[in-house]
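Take a look at the structure set out below.
Every read-out reported here was derived from the displayed coordinates using simple, explicitly stated rules and does not represent laboratory data. Because the structure is predicted, anything quoted here is derived from the model rather than measured. Cβ placement follows ideal geometry from the backbone for every residue including glycine, while neighbour counts extend to all protein chains displayed.
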Amino acid sequence: MADGGDKERRILVAVDEGEESMHALSWCLNNVANSADTIVLLYAREPRSVYSALDGTGYLFSSEIVAAMERFVNEVADCVMEKAKRLCREAAPRHAVKVETRVETGDPRDVICQAVEKLGIDMVVMGSHGYGLIKRAFLGSVSNHCAQNVKCPVLIVKRPKSTSKTK
């Protein structure tokens, strides 16, 4: 899928804690990206829930608890990004792609759609969790939402079913 090999494309790859997103990144590096491209790794952090004594839950967290929760969320984001950057480095002998990283806060559907417009993205690559009809109806599908709403091609990479049941 090279555009003559010379035109730089900005390819956004949405990454998260799931293996599906890392498979999509790996697939992108092996089948789509070339040395003229820039891969933009995007991780969407869920917004921090704010609890107060007035919200009906009865929970009021101390500043230490809130700080610990924030550190944990940041550590997860760092871990996901480090894994994604490592995959990009391992593909470097084939493609010396440029890599940018972004961590944004918000609903992943909105974060991805906004990043596409703000960053001048030419293509979005994302994994599919492979939810069935019922789960997708209740949980929503980030990939489906993005495919319907962004103004560039969206490539949804499904992870192959494992042949071994022992994993």
Say R0 is 45 Å: what FRET efficiency, to the nearest 0.05, do Glu64 and Asp110 get from their beta-carbon distance? 0.90
Residue-span extension gain [Leu119 to Glu8] - 0.36 nm each, minus C-alpha spacing: 38.6 nm
Using the Cβ atoms and a cut-off under 11 Å, what net charge is assigned to the surroundings of Thr38, where Lys and Arg are +1 and Asp and Glu are -1? -1
Taking Lys118 as the anchor, which aspartates and glutamates have their alpha carbon closer than 19 Å to its alpha carbon, excluding any fewer than eight residues away along the same chain? Glu8, Asp37, Glu100, Glu104, Asp107, Asp110
